[in-house]
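Below is one structure, written out as structure tokens, with a few remarks after it.
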């Protein structure tokens, strides 16, 4: 028995490209209706243009409203800041007076503890005093008026 072997066929990229060019063009959407309807296309184009204009107008209105809202919020914040500055009557002199009162009370409690030996707890500093001490430190640190 004699066997004959045929040479293996090898395809190159060039062969594949040539074969593809020689192939008949195919419809990429064979199941679709590919009839040309110029009236429908014109109507669709006109609708798309109208929709684009409507969208642009809506976007412009939205941006305008957002801008007006941001401007109004900024004005309200400025107004609140100015009002807070005007209402702040807690001056450094008031802070010093309040601190002196607290310090005197603290020292009087220390004397009572020394003389009697009672386990008296000291009171915490008043909230207004601690907040305003911090406020004055921050203002001095930042050189704010």
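Contour minus end-to-end for residue 113 and residue 83, with contour as 0.36 nm per residue of separation and end-to-end as the Cα-Cα distance?
Details: separation 30, 0.36 × 30 = 10.80 nm, distance 4.56 nm.
That works out to 6.2 nm of additional length.
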Label model pair residue 76, residue 54: point-to-point distance (7 angstrom along the Cα→beta-carbon line) in nm is 3.3
Placing each pseudo-label 7 Å from Cα in the direction of the beta carbon, residue 67 and residue 103 end up separated by a distance in nanometres of 5.6
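Laboratory data are not the source of any read-out in this text; all were calculated from the coordinates shown. Nothing here was measured: the structure is a model prediction, and the numbers come from that model. A quick note on method: Cβ atoms are made from the backbone with ideal geometry, for glycine too, and the neighbour counts reach across all protein chains shown.
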